[in-house]
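No value in this document is a laboratory result; all are computed from the given coordinates. What you see is a predicted model, and the numbers here were worked out from it, not measured in a lab. Virtual Cβ from ideal backbone geometry, glycine too; neighbours counted across all protein chains shown.
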Amino acid sequence: MKHRMPPTFGLSRDSLAFLNNNWGKTMSGTFTKAMARNIFYGGTVFFFLLFLALTFDTMRVLPKTDNRGELTPGAIAGKHIWETRNCLGCHSLLGEGAYFAPELGNVYERRGPLFIKAWMQAMPTNAPGRRQMPQFHLTDQELDDLVEFFRYTSGINTQNWPPNIEG
Amino acid sequence: MKYQSQAVAMPYFIAAIGLFVGQIIFGLIIGLQYVIGDFLFPEIPFNVARMVHTNLLIVWLLMGFMGAAYYLVPEEAETELHSPKLAIALFWIFLTAGALTILGYLFIDYNTLASMTGNDILATMGREFLEQPLITKIGIVIVALAFLYNISMTTLKGRKTVINIVLLLGLWGLAIFFLFAFYNPANLVLDKFYWWWVVHLWVEGVWELIMAALLAFVLIKVTGVDREVIEKWLYVIITLALVTGIIGTGHHYFWIGTPAYWQWWGSIFSALEPIPFFAMTVFAFNMVNRRKREHPNKVAVLWALGTGVMAFLGAGVWGFLHTLAPVNYFTHGSQITAAHGHMAFYGAYVMVVLCIISYAMPIMRGRAANDQRAQVLEMWSFWIMTIAMVFITLFLTAAGILQVWLQRVADTPMSFMMAQDQLTLFYWMRFWAGVAFFIGLITYVWSFFVKGESKPLIT
Ligand code: HEM
Ligand code: HEM
Ligand SMILES: [Fe+2]
């Protein structure tokens with residue numbers, strides 16, 4: 001097969017010729033479209049099943065690592081407060097979320113319950129130019145639930161992440 | 001345009017671009033809040049603006065995917081769309097629901113919004129990217145199903161090309177995995193585990209099928225290369241994507257309470273995820289170099305090549321950078337993550353949508369390609385946005401390395417907020433790169449209004 005050499009977009013003509021020839025061979029002749037299709041469906045199904053198997057095993061092992069024993073009614077209520085105030089829109093929790101404000105997966109250990117409650121009540125600082133956290137007007141009960149949620153979260157076995165207490 | 005009904009793509013593309021502009025405006029707002037912490041506080045707190053930024057991104061990409069499908073599926077199937085009326089109705093429903101949701105974020109307190117919209121019946125809100133109220137989520141599912149019905153029926157009655165099949169697989173997968181957005185157990189570990197079935201299995205799974213199909217379609221059109229060759233490539237690419245990407249989900253299961261063996265599965269399989277992105281780049285360049293025709297739409301070719309390269313850089317290189325468990329232990333949830341998220345989303349999905357818009361829009365406006373002047377302007381916007389995104393990524397990466405060092409590696413680690421104070425310079429530079437990005441985007445929009453002689457339609 002012979003074709004005209006077009007512009008090379010900065011690649012050397014030799015390297016292009018190499019790609020063209022070799023891929024040309026692979027992508028024509030013996031390797032047919034039907035083979036490519038079969039490998040796609042076979043490969044996808046195989047690896048999806050493997051993923052399901054791993055998921056299944058994870059579900060079996062999780063009770064040992066996910067601290068579900070501490071998932072008290074308070075912690076459950078706390079998670080609901082966490083979600084409905086969109087805390088994750090500024091903070092991360094176990095490293096996921098936003099990166100604008102500190103990690104809170106280990107805040108229970110870093111600060112303790114009293115500090116957390118006082119902090120929430122003192123917001124916003126209104127310090128000029130500083131990042132501001134809203135005042136959520138939570139009741140004392142709601143604050144306790146939130147703290148309970150942090151306590152539960154801090155007990156999850158995260159394979160020693162984060163590297164230190166600062167999160 | 002070969003089929004009249006392909007024209008329903010037009011409003012989708014226009015709305016997508018409009019929402020893109022909104023996304024970037026809110027990007028600039030949160031970029032500024034990173035350095036001027038009390039900017040717009042308490043009117044628009046960071047978490048609200050961020051939610052608008054990321055949700056607009058998702059909504060406009062979905063708009064773009066749907067528009068692309070309405071354009072592409074009839075042409076590939078060689079038949080009119082099953083129901084153009086349904087497509088137009090769905091457009092208005094989706095746009096209205098999207099707009100109302102964004103207005104809800106901005107003008108109603110999130111907690112109030114949650115209780116107004118049924119979050120107490122089924123709590124799904126307050127999780128990253130899935131912040132939408134329950135009724136919006138249900139609306140998305142209904143629109144998605146009706147949309148899938150429409151394009152599936154079109155495919156069924158017409159020619160079943162590989163491009164159509166792969167695109168449909170991707171879109172069905174998108175809808176199916178979205179269903180996990182409705183699963184929100186109180187157990188945080190389970191919540192996070194299945195949250196990734198939406199987020200990861202989208203961007204590193206089924207969306208790659210959509211991307212590859214769109215790219216293949218545009219490449220066939222602009223290069224005239226034999227369909228047989230392109231389709232074989234398509235299968236190879238999507239095989240690589242799913243074989244690596246499905247188990248690659250494990251790179252999110254290192255530190256969230258899941259068993260330690262995921263550090264092996266996740267590291268190994270996700271380390272291979274750059275391969276399909278690399279293959280897409282080679283594919284795009286290869287096809288363009290073997291082109292059998294000189295298509296007058298040069299800028300569409302530029303987007304096609306650009307998306308290959310930038311997706312490889314953003315997803316492949318920047319993904320690999322932090323995907324091995326021993327590295328991710330330090331970089332997890334830092335500015336490195338944000339750097340990667342930006343370039344990957346831009347390089348893969350923003351650019352591929354802009355690519356199909358660039359190819360299809362002139363045709364829907366009755367010409368094979370835009371006037372030279374409009375194309376040159378669009379090329380300028382390509383370069384400004386792309387280079388700006390490279391700089392956003394580089395500045396965030398620099399900030400991330402410093403952050404990780406100060407806060408997680410140094411002998412006496414700094415607190416989060418103290419470390420942030422040290423990064424101000426990089427955040428300022430990110431902000432200015434963002435302004436440049438915005439200028440590129442305005443240039444892009446402007447290019448649609450440049451009038452001139454139009455090239456005749458060739459078919
Ligand atoms: C003017 C340009 C932009 C600026 C200044 C900007 C700024 C930001 C900021 C400050 C965040 C929040 C980071 C945090 O959580 O602390 C963010 C998140 C995000 N932005 Fe942008 N952005 C811009 C453009 C874009 C574009 C073009 C895209 C898509 C291609 C994008 C996609 C995202 C995504 C996916 C996230 C979530 C990232 C993550 O969770 O890791 N942004 N952006
Ligand atoms: C176009 C494809 C991709 C897109 C759009 C994308 C986007 C993203 C986004 C937005 C996040 C942040 C999620 C969050 O908010 O928590 C993320 C995280 C991540 N991505 Fe990607 N990604 C892509 C491909 C890849 C690939 C191919 C790799 C690996 C080679 C990769 C590796 C990672 C890792 C390791 C994380 C977790 C970071 C952390 O621990 O904080 N990504 N990605
Ligand atoms: Fe991922």
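When the dipole is taken about the Cα centre of chain B, and only Lys, Arg (+1) and Asp, Glu (-1) are charged at their Cβ, what size is it in debye, to the nearest 20? It would help to have the intermediate numbers written out before the result.
On the way: 24 positive and 23 negative charges, 257 e Å.
It works out to roughly 1240 debye.
Any idea what the relative contact order of region A:70-154 is, in percent, if you count C-alpha pairs under 8 Å spaced at least 6 apart? It would help to have the intermediate numbers written out before the result.
Details: 107 pairs, mean separation 36.3, N = 85.
Once normalised by length, the contact order is 43 percent.
Converting phi to 3J(HN,Hα) with the Karplus coefficients 6.51, -1.76 and 1.60 and the offset θ = phi - 60°, region B:27-32 yields x, 5, 4, 6, x, 6 Hz in sequence order, with x at every glycine or proline. The eigenvalues of the Cα gyration tensor, multiplied by 5 and square-rooted, give region B:1-160 an equivalent ellipsoid with semi-axes of 34, 18, 10 Å from largest to smallest. For the protein assembly as shown, build the charge dipole from Cβ charges (+1 Lys, Arg; -1 Asp, Glu) around the Cα centre, then report which of B:143, B:350, B:198 sits farthest towards its positive end. The residue sitting farthest along the positive end of the dipole is B:350. Among the residues of A:52-60, the average count of other protein chain beta-carbon atoms within 10 Å of the residue beta-carbon is 3.
Rg/Rh, computed from the Cα trace of the protein assembly as shown with Rh as the Kirkwood radius, has the value 0.97. For residue B:2, the lysines whose Cα falls under 29 Å of its own Cα, not counting residues fewer than eight places away in the same chain, are A:33, B:85, B:157, B:160, B:221, B:232, B:292, B:298, B:451, B:455. Pairing the Cα long axis of helix B:424-447 with the longest principal axis of chain B, what angle in degrees results, from 0 to 90 and rounded to the nearest 10? The answer is roughly 20 degrees.
For a quick check of your reading of the filter: which trypsin sites (Lys or Arg not before Pro) in region B:356-459 sit in a DSSP loop and have no more than 11 other Cβ atoms within 10 Å?
Details: sites: B:365, B:367, B:373, B:408, B:430, B:451; in loops: B:365, B:367, B:451.
Passing both the DSSP loop test and the Cβ count: B:451.
What the phi angles of region B:102-118 give under the Karplus curve with 6.51, -1.76 and 1.60, with θ = phi - 60°, is a coupling list of 5, 4, x, 4, 7, 10, 10, 4, 4, 5, 5, 4, 4, 6, 5, 10, x Hz, glycine and proline written as x. Remark: B:102, B:392 ranked as B:102, B:392, counting other beta-carbon atoms within 10 Å and listing the fewest first. Remark: region B:403-412, residue by residue, has Karplus-estimated 3J(HN,Hα) of 4, 4, 5, 5, 9, 10, 10, 4, 4, 10 Hz, where x stands for each Gly or Pro and the curve is 6.51 cos²θ - 1.76 cosθ + 1.60 at θ = phi - 60°. Hey, if you put +1 on the Cβ of every Lys and Arg and -1 on every Asp and Glu Cβ in region A:70-154, which of A:93, A:132, A:107 ends up farthest toward the positive end of that dipole? The Cα lying farthest towards the positive end belongs to A:132.
Think of the protein assembly as shown as having a plus end and a minus end, set by charges on the Cβ of Lys, Arg, Asp and Glu; of B:168, B:6, B:256, B:6 sits farthest toward the positive end of this dipole. Between residue A:103 and A:92, the built amide H atoms are under 5 Å apart, and every one of these is 5 or more places off in sequence or on another chain. The label point for residue B:421 and the one for residue B:264, both projected 7 Å from the Cα toward the Cβ, are 4.5 nm apart. In chain B, excluding the sites themselves, the longest stretch lacking any of the GluC sites (Glu not before Pro) that are in a DSSP loop with at most 14 other Cβ atoms within 10 Å is B:79-293. Ordering B:267, B:152, A:92 from the fewest to the most neighbouring beta carbons within 10 Å gives B:152, B:267, A:92. The trypsin sites (Lys or Arg not before Pro) found in region B:134-224 that occupy coil by DSSP, while having at most 13 further C-beta atoms within 10 Å, are B:159, B:160.
How high is the relative contact order of chain B, in percent, counting Cα pairs under 8 Å that sit 6 or more residues apart? Before the final figure, lay out the partial values.
Details: 676 pairs, mean separation 64.1, N = 459.
After rounding, I find 14 percent.
Principal axis analysis of the Cα atoms in chain B yields extents of 67, 47, 45 Å, listed in decreasing size.
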